[in-house]
Amino acid sequence: MMTERQAKLLAAIIEQYAELAAPVGSVLLAKLFGVSSATIRSEMAKLEEMGYITQPHTSAGRIPTDKGYRLYVNSIVEGSEVPMYEDRHTKAIESRVEGHERTDHAIRTAVDSLVELTHNLGLATIGDQLYLSGIGNLFAQPEFHDGEHVRDVARLLDNLEPWLREAAPNETLNVFIGSENPIGRDSGVSLIISRFRSPYSDHSYIGVLGPTRQSYARVMSLVSQTGKMLERIL
């Protein structure tokens, strides 16, 4: 059973790792929590035993596992609706989208805006087509400097459109973390997509694809709000 402090510690590790792109050590966390490094190391050992964090071979710090990310994402969703962060950003996306008379241009503009705000790859279904933007952003991330890793991600992208058409995820906001992805399980990415109704389909999708190292609360909020905004405008 996870304690409240362990849950907060896991959240801190996830958030710091998203920001630093480096394993998170006990010294930094001790400063954040106002306790000793020994206390933090003890709690981290328990989180590691439970499978929520892991220690890369070359580092004294810890990084989250897919299981840790899943618990964190579930806590965001279950706490209430997805937090409505970045309100000014979604209003900026809306003002750009409203300037287009054509539906396909509006959706592309929304995707390009998400790319700009999240620094991930953006995607959307436009009829029977999958629109992708920001591939350079994805492969510029430190996680994807290895050639084999890049090939895994490329295979996922090649199969993403038919999978979305076949699976038709039915939640308003869908989050597939790392090995949870039905395709590209070893690619180390998270797919965050919002389903919305459009003139093309009741199951249109918009979202982002990025490393599992994500600022989930922020990105989930932006994707969710953009999907709702598109449904309202289109």
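Only one entry of Asp202, Asp158, Asp152 meets the criterion of being surrounded by fewer than 22 Cβ atoms within 10 Å (Cβ to Cβ), out of contact with any Phe, Trp or Tyr (no Cβ under 6 Å at 6 or more places or on another chain), closer than 30 Å to Pro23 by Cβ and of a type outside the set (A, V, I, L, M), and that entry is Asp152. With respect to the stated conditions, Leu191 fails to be under 16 Å from the mean Cα position of the chain (by Cα) and more than 25 Å from Arg88 (Cα to Cα).
Within segment 154-176, residues that are more than 16 Å from Gly122 (Cβ to Cβ) and touching a residue at least 40 places away in the same chain (Cβ under 8 Å) reach partners that are outside any helix (DSSP H, G or I) and of a type in the set (Gly, Ala, Ser) with beta carbons closer than 8 Å, at six or more positions or on different chains, in the pairs Thr172/Ser194.
Checking each residue of segment 3-10 against the condition of being under 23 Å from Ala217 (Cα atoms), crowded, with 20+ Cβ neighbours inside 10 Å and either out of contact with any strand residue (DSSP E or B) (no Cβ under 6 Å at 6 or more places or on another chain) or not assigned by TED's automatic domain parsing to the domain that holds Thr118 (or both) gives at least one match. The residue that is nearest to Arg62 (Cα to Cα), among those in segment 27-44 that are among the aliphatic types (A, V, I, L, M) and over 29 Å from the mean Cα position of the chain (by Cα), is Ala38. Only one of the numbered conditions (1) surrounded by fewer than 17 Cβ atoms within 10 Å (Cβ to Cβ); (2) within 14 Å of the chain's Cα centre (by Cα); (3) on the phi > 0 side of the Ramachandran plot is not met by Ala168, and that is (2).
The C-beta contact set for segment 73-101 (first residue farther than 15 Å from Thr226 by Cβ, second residue modelled with pLDDT under 80 and surrounded by 12 or more Cβ atoms within 10 Å (Cβ to Cβ), distance under 9 angstrom, 6+ apart or interchain) comprises Ile76/Val82; Ile76/Pro83.
Across segment 21-40, the number of residues qualifying as of a type in the set (Lys, Arg) and at pLDDT 95 or above comes to 0.
Note on segment 87-132: among residues that are over 18 Å from Glu161 (Cα atoms) and β-branched (Val, Ile, Thr), the one that is farthest from the chain's Cα centre (by Cα) is Thr103. Screening Ile53, Ile76, Ile107 for residues that are among the β-branched types (Val, Ile, Thr) and assigned by TED's automatic domain parsing to the domain that holds Arg185 leaves exactly one candidate, Ile107. State which residue is surrounded by the most Cβ atoms within 10 Å (Cβ to Cβ) when the search covers only segment 136-149 and only residues that are part of a loop (DSSP other than H, G, I, E, B) and not small (Gly, Ala, Ser). Ranking the candidates gives Gln141 first. Would you mind stating whether Met50 is free of Cβ contacts under 8 Å to residues at least 60 places away in the same chain, of a type outside the set (Phe, Trp, Tyr) and out of contact with any Leu (no Cβ under 8 Å at 6 or more places or on another chain)? Yes; evaluated as a whole, the condition is true for this residue. Give segment 33-45 a look and list any residue that's touching a helix residue (DSSP H, G or I) at 6+ places or on another chain (Cβ under 6 Å) and in contact (Cβ under 8 Å) with a residue 12 or more places away in the chain, or say none. Of everything in segment 33-45, those that are touching a helix residue (DSSP H, G or I) at 6+ places or on another chain (Cβ under 6 Å) and in contact (Cβ under 8 Å) with a residue 12 or more places away in the chain turn out to be Ile40, Arg41, Glu43.
The values are calculated or read from the model by the stated rules, or taken from the named source; none is laboratory data. Just so it is clear, the model here is predicted, and its values are computed rather than measured. Positions of Cβ are backbone-derived with ideal geometry, glycine not excepted, and every protein chain shown enters the neighbour counts.
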